[in-house]
Amino acid sequence: MSVAAAVNIEDLRQMAMRRLPRMVFDYIDGGAEREWTLRENCRAFEDVLFRPRSAVATRGCDISATVLGTTIDLPIILAPVGSSRMFYPRGEERAAAAAGKAGTIYTLSTLSGCRMEDVKAATPGTAWYQLYLVGGRDVAMGTISRARAAGYKALVVTIDTPVAGMRERDARNGVKQLLARNLSTVPHLGQMLTRPSWLYNFFGDGGLMNFPNIVLAEGPMGYADVGAALESSATSWEDFKWIRDAWGGPIVAKGVHTADDARRAVDEGAAAIVVSNHGARQLDGVAPTIRVLPEVVQAVKGRTEILLDGGIRRGSDVVKALCMGARAVLIGRAYAYGLGAGGQTGVTRAIDILRTDVIRTMKLLGCSAIKDLDGSYVDVPSGWTARLPR
Ligand SMILES: Cc1cc2nc3c(=O)[nH]c(=O)nc-3n(C[C@H](O)[C@H](O)[C@H](O)COP(=O)(O)O)c2cc1C
């Protein structure tokens, strides 16, 4: 079945499941621990109800948005997704190309398999670079100047990864053993043989490689070292000053869950924040992002741009987030499924599905421009804004 036949993101998810080995599919699809937050990120959108205005003619529909001064053709940005090259040959380049052609921004993860210069060259659009401090400050300084020279427009600093989350599916599938190239101890290895087209593509693309954008003294960092490297290089607010000075451009703080952290990000000079729980891959039991958006909007009072990610699978989810105060959203799995299902064509299909959904939803709401969306188009559970005093 071709990706063109996918009607919604779930269809692309099913196609990805059929093309990818279980270990790779679970790496994309899974979340931390009992995966409560993973389920809630999607489900919580159902608690927000629309209040449409009927009998309003909306022939045209302007869904463009402006983020950090860049106008994008749709309010959907591609989030950093590590190891995308495992899903499809030159995965990060393919996803960046699809984003640029669709008129939006691609965010490249530090933990990517393609060189940042090649990824930037692959997109006709704007690209952002997501920074982990793996390898320490000196390594990050080198990365930052490379990203600036390559033409990345914003630095996305992820702040919710002091250790890697416990993703039980990865533990069961033996991802650690695979990355350490300890093949004899990897369970379900034979299952890869049932995915010959993936296997053929994967080895044709060079197989398991290093991270070319994390250059340590001894060369690019290997896959096996990720967990330990993240733990020994957690980002703290104190790092923001030197990162800001070294970068000299807009910084986006990704991983804000609370009003307090939102205010702190503003104080540290973040030009934008992403309300994000890392796609429920870090702390299980943290609230779904759409639920904490009102508290963050209240705290920030317009002093920084607010983006949101987590659980976006439909255009109606995007519109709900915009009504509640987000300027745009980021998508992770929605496009990663597309990439796993069919490379660049699959990412393009994922974006097309969401774009068409957004336009239809806007017309059904009786609203002809994103700039006119506001809280009057939704009913939000009253408890979502109530915070206990501290
Ligand atoms: C497979 C996968 C890898 C990810 N890798 C990174 C990463 O390297 N850096 C980062 O900041 N976020 C990473 N994320 C989190 C995403 O940027 C984003 O916050 C999340 O996917 C949003 O939730 P959604 O998948 O429900 O859209 C990753 C997410 C997935 C699914």
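The values are calculated or read from the model by the stated rules, or taken from the named source; none is laboratory data. As the structure is a computational prediction, the values presented were derived from the model and not from experiment. Because the Cβ atoms are built from the backbone with ideal geometry, glycine has one as well, and the counts that use them run over all protein chains shown. Areas reflect the complete protein model, heavy atoms only, side chains present, ligands, DNA and RNA absent. Shrake-Rupley method; radii C 1.70, N 1.55, O 1.52, S 1.80 Å.
Give the number of residues within region 40-82 that are within 11 Å of the ligand (Cβ to nearest atom) and without any contact (Cβ under 8 Å) to a residue 60 or more places away in the chain. Going through region 40-82 one residue at a time, the tally reaches 1.
Kindly indicate the residue of region 94-127 that is within 11 Å of the ligand (Cβ to nearest atom) and not in a loop (DSSP other than H, G, I, E, B) and also farthest from the chain's Cα centre (by Cα) among those meeting that condition. Residue satisfying both the conditions and the ranking: Leu108.
Residue selection: Ala140 fails the criterion of being more than 12 Å from the ligand (Cβ to nearest atom), within 20 Å of the chain's Cα centre (by Cα), on the phi < 0 side of the Ramachandran plot and modelled with pLDDT of 95 or more. When Ala259, Ala321, Ala341, Ala280 are checked against the criterion of being away from the ligand (no atom under 16 Å from the Cβ), under 27 Å from Arg34 (Cα atoms) and either out of contact with any strand residue (DSSP E or B) (no Cβ under 7 Å at 6 or more places or on another chain) or aliphatic (A, V, I, L, M) (or both), Ala259 stands alone in meeting it. Close contacts from region 164-178, counting a first residue that is more than 14 Å from His278 (Cβ to Cβ) and a second that is acidic (Asp, Glu) and open to solvent by 60 Å² or more (accessible area, probe 1.4 Å), with Cβ to Cβ under 9 Å and a gap of 6+ residues or different chains, come to Glu168/Glu33.
Against the conditions (1) out of contact with any helix residue (DSSP H, G or I) (no Cβ under 9 Å at 6 or more places or on another chain); (2) within 14 Å of the ligand (Cβ to nearest atom), Gly302 satisfies every one except (2). When you check Asp357 against the structure, is it of a type outside the set (Gly, Ala, Ser), open to solvent by less than 30 Å² (accessible area, probe 1.4 Å), within 11 Å of the ligand (Cβ to nearest atom) and not in a strand (DSSP E or B), yes or no? No.
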